[in-house]
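Inspection log for the structure reproduced underneath, given as structure tokens.
Derivation of every value follows stated rules applied to the coordinates shown; laboratory data play no part. None of the values given here were measured: they were computed from a predicted structure. Note that each Cβ is placed from the backbone with ideal geometry, even for glycine, and that neighbours are counted across all protein chains shown.
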Amino acid sequence: MTEATGSLVKKTEEEWRAVLSPEQFRILRERGTETPGTGEYDKFFEEGIFSCVGCKTPLYKSTTKFDPGCGWPAFFEGLPGAINRSPDPDGDGTEITCAACGGHLGHFHKGEGYATPTDERHCVNSVSIKFHPAKSSSADA
Ligand SMILES: [Zn+2]
């Protein structure tokens, strides 16, 4: 039901298994959820960009990250067009996925009263994203 535009990344399950770790595959392709409080980016507030771990598409800026204390990384806004929202297949809220590859990121919540510009919360699995520092002073290859 979501209309995606641009270059879409399409891979078979086998191809995804080849490029993702078992944990990444479980979350991105099977809508898994990492254990709260264990994620690499839960308490992580350095300046930069978070991209999709599956297809490397930039998804979130560090300036939109905040700490709601829920145990997962949270952002109040995604990069324009980078995030798709759809009703969760389990009927529980709104699922957010990478618009480019369809990888599961987490869940979307609105109107919870957090002091953010949007009052929205993108609750994202650390496993689904990869951080890229804003400064390019050191080699990141
Ligand atoms: Zn992606």
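The table that follows gives values for the structure above.
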| quantity | calculated |
| --- | --- |
| Disulfide-incompatible cysteines by the Cβ rule (no partner under 4.7 Å) in the chain | Cys70, Cys123 |
| Cα-Cα separations in the chain greater than 25 Å, expressed as whole percent | 22 percent |
| The chain: calculated mean residue ellipticity at 222 nm from DSSP helix runs of at least 4, using -39500 (n - 2.57) | -2500 deg cm²/dmol |
| Cα-Cα over 25 Å, subset of Lys10/Lys56; Lys61/Lys135; Lys11/Lys65; Lys11/Lys130 | Lys11/Lys65 |
| Positive-pole candidate from Cys52, Pro87, Cys70, dipole of the chain, charges at beta carbon | Cys52 |
| Overall form of region 69-133 per C-alpha gyration tensor (a/c, 1.5; a/b vs b/c) | rounded |
| Relative contact order, percent, the chain [alpha-carbon distance under 8 Å, six or more residues apart] | 28 percent |
